[in-house]
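A.B. asks: Mind having a look at this structure? Questions to follow.
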Amino acid sequence: MSALLATGDRRGEQGMRIRSLTAAEHRTGVTARPGASFLQYPSWAGVKDQWTSDMVGWHGADGELAGNALVLYRQFPGTRKYFAYLPEGPVADWADPEIDRWLRPLMAHLRKAGAFAVRMGPSPAYRRWDTARLKAATGPGRKVRDVLAAEVDPLGTAVADRLRARGWRRCGGDGDAGNDADAQPRYVFQVPLAGRSADDLWAGLNQEWRRNIRKAEKSGVRIVVGGAAELPEFHRLLRITEERDGFRLGRSLAYFQRQYAVLNAEQPGRMQLYLAVHEGEILAAHTMISAGRRVWYQTGASADHRREVRPSNALQWRMMLDAHALGAELYDMRGVPSTLDPDDRSFGLLRWKLGTGGQVVETLGEWETSVGGAANNTLYRAFQAYLARR
């Protein structure tokens, strides 16, 4: 995408300016913010090979890098215009009440790049629910949003209000539809690690998890870190898991191979493949991504047989311990469904993650808007209609 952009700075309100960054500059900026998502690192552009990309940075009056973003671009069919996407970004100071200092230079930059609309994923959380509260609230037809949150993040609330006031639209609205409308999960499950010992993490597991981990150990399940050679077996197990649990990621083996190669080329060990081996057979395989002070459990897969030896519980416990040993402050288990109905097929995933004693976190989700101008507004409406028909 950089070929579409002219060099030079674009100034915003109060001296804030934005310009394209080199991959090295962008990596330095993201690394300086330890809570940044791995989706904002330069390597993610290499994973999304069907998109073009640009890396931009905001600079204040002192010339220092004040924030930055990886922007992915996808061409709208039949046009020379692009849809711009900032996955779990930008990496910016969302507490700044002068949000226009950030947004106006960004919109000007995107228009110059040929974008007609933009979607982004602000980093502040919105609401949090603890495990005990959600377990007590399960029942027919119940949803997470039906339960009084343990915490409502004032920053997340303020950012949402500011974006709405400027014409941004929360994808899927404020209901559960957003979990499907967003490209990244709106509801995630997180286990805090900061200030906790390994014994604290063990005590945070429920009795079923502790029993299953012990059972896996007594049954001879071994947890090993694999490599690229085991990705085909991971993908085979993933297809089995999708069929069994009724979902479809739609990711090819080549996608995971590219992801593994690109992320680890940027930083060795950024993406790891954990394997649960029993009697010489891989029964489960999970991927883990580390960046800054956060670790993510990204994708899990398991076989249909010998599930009684509990390979997935053993895998997660080892991954959690390794994240703790790395000094991570947060173990993010990624998406969970919003249902609290035990008869709902997808509830099993939430129930399983609740056993780790963490929290369900509703992120701000993803937000969209046209970059402005009559032609772009018209194309954005056509784009929304196009997505509705897919």
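The values are calculated or read from the model by the stated rules, or taken from the named source; none is laboratory data. Quick caveat, the model's predicted, so the values are computed rather than measured. Counting neighbours? That spans all protein chains shown, and the Cβs are built from the backbone with ideal geometry, glycine included. In case anyone asks, the SASA skips ligands and DNA or RNA and just uses the protein heavy atoms, side chains included. Shrake-Rupley method; radii C 1.70, N 1.55, O 1.52, S 1.80 Å.
A.B. asks: Can you compute the modelled spin-label distance between Ser219 and Ile240, with each label point 7 Å from Cα toward Cβ, in nm?
C.D. replies: 1.2
A.B. asks: Calculate, in nm to one decimal, what Ala158 and Phe247 gain on full extension: separation in residues at 0.36 nm each, minus their alpha carbon distance.
C.D. replies: Once the chain is fully extended between Ala158 and Phe247, it gains 28.6 nm.
A.B. asks: With just the Cα atoms defining each centre, how far is the range 279-354 from the range 108-144? Give it in Å.
C.D. replies: Using only Cα atoms to place each centre, the spacing works out to 21 Å.
A.B. asks: OK, next. Per DSSP H run of at least 4 residues, take -39500 (n - 2.57); add these up for the chain, divide by its residues and hand me the 222 nm value, nearest 500 deg cm²/dmol.
C.D. replies: -10500 deg cm²/dmol
A.B. asks: Next question. Mind checking which aspartates and glutamates have their Cα closer than 16 Å to the Cα of Lys143? Skip sequence neighbours fewer than 8 apart in that chain.
C.D. replies: Hits, sequence-local ones excluded: Asp130, Asp174, Asp176, Asp180, Asp341, Asp343, Asp344, Glu362.
A.B. asks: For a quick check of your reading of the filter: which trypsin sites (Lys or Arg not before Pro) in the range 267-363 sit in a DSSP loop and have no more than 12 other Cβ atoms within 10 Å?
C.D. replies: The qualifying sites are Arg345.
A.B. asks: Scan around Glu88 for amide H atoms under 5 Å from its own, H built in the peptide plane at 1.01 Å from N, and keep only partners 5 or more places away or cross-chain.
C.D. replies: Those lying under 5 Å, H to H, from Glu88 are Gly121.
A.B. asks: Quick one: what are the phi-derived ³J(HN,Hα) couplings along the range 113-129, Karplus 6.51/-1.76/1.60 with θ = phi - 60°, whole Hz, x for glycine and proline?
C.D. replies: Once θ is set to phi - 60°, the couplings for the range 113-129 become 7, x, 7, 9, 7, 9, 10, 9, x, x, 7, x, 6, 10, 9, 9, 10 Hz.
A.B. asks: Which GluC sites (Glu not before Pro) in the range 20-117 pass both tests, a DSSP loop state and at most 12 other beta-carbon atoms within 10 Å? Numbers along the way, then the final one.
C.D. replies: Details: sites: Glu25, Glu64, Glu88, Glu98; in loops: Glu64, Glu88, Glu98.
For GluC sites (Glu not before Pro) across the range 20-117 that sit outside H, G, I, E and B with at most 12 neighbouring Cβ atoms in 10 Å, the list reads Glu64.
A.B. asks: Taking the Cα centre of the range 52-191 as origin, sum charge times position over the Cβ atoms of Lys and Arg (+1) and Asp and Glu (-1), and report the length of that vector in debye to the nearest 20.
C.D. replies: The calculated dipole for the range 52-191 is roughly 660 debye.
A.B. asks: Report the FRET efficiency, 1/(1 + (r/R0)^6), for Gln207 and Ala150, where r is their Cβ-Cβ distance and R0 is 22 Å, rounded to 0.05.
C.D. replies: Plugging the Cβ-Cβ distance into 1/(1 + (r/R0)^6) gives 0.50.
A.B. asks: For an R0 of 56 angstrom, estimate the FRET efficiency from the Cβ-Cβ distance between Glu308 and Arg166 and round to the nearest 0.05.
C.D. replies: Working from the Cβ atoms, E equals 0.55.
A.B. asks: What pairs from Lys215/Lys353; Lys48/Lys218; Lys135/Lys215; Lys48/Lys215 go past 30 Å between their alpha carbons?
C.D. replies: Checking Cα-Cα distances, Lys48/Lys218; Lys48/Lys215 exceed 30 Å.
A.B. asks: Of all trypsin sites (Lys or Arg not before Pro) in the range 65-129, which ones are in loop regions per DSSP and have a Cβ with at most 11 other Cβ atoms within 10 Å? Display every interim value, and only then the final one.
C.D. replies: Numbers: sites: Arg74, Arg80, Lys81, Arg101, Arg111, Lys112, Arg119, Arg127, Arg128; in loops: Arg80, Lys81.
Within the range 65-129, the qualifying trypsin sites (Lys or Arg not before Pro) (loop, at most 11 other Cβ atoms within 10 Å) are Arg80.
A.B. asks: Let me ask you something else. As an exercise, use a Förster radius of 51 Å and the Cβ-Cβ distance of Ser346 and Thr22 to find the FRET efficiency, rounded to the nearest 0.05.
C.D. replies: 0.75
A.B. asks: Please tell me the relative contact order of the range 28-141 in percent, rounded to the nearest whole number, where contacts are Cα pairs under 8 Å and at least six residues apart.
C.D. replies: 22
A.B. asks: Binning at 10 Å from 0, report for the chain what percent of all alpha-carbon pair distances ends up in each bin.
C.D. replies: Computed distribution, short to long bins: 5, 21, 31, 26, 13, 3, 0.
A.B. asks: Using a 1.4 Å probe on the protein heavy atoms only, what accessible surface does Val309 show? Give it in Å² to the nearest 10.
C.D. replies: Looks like 10 Å² after rounding.
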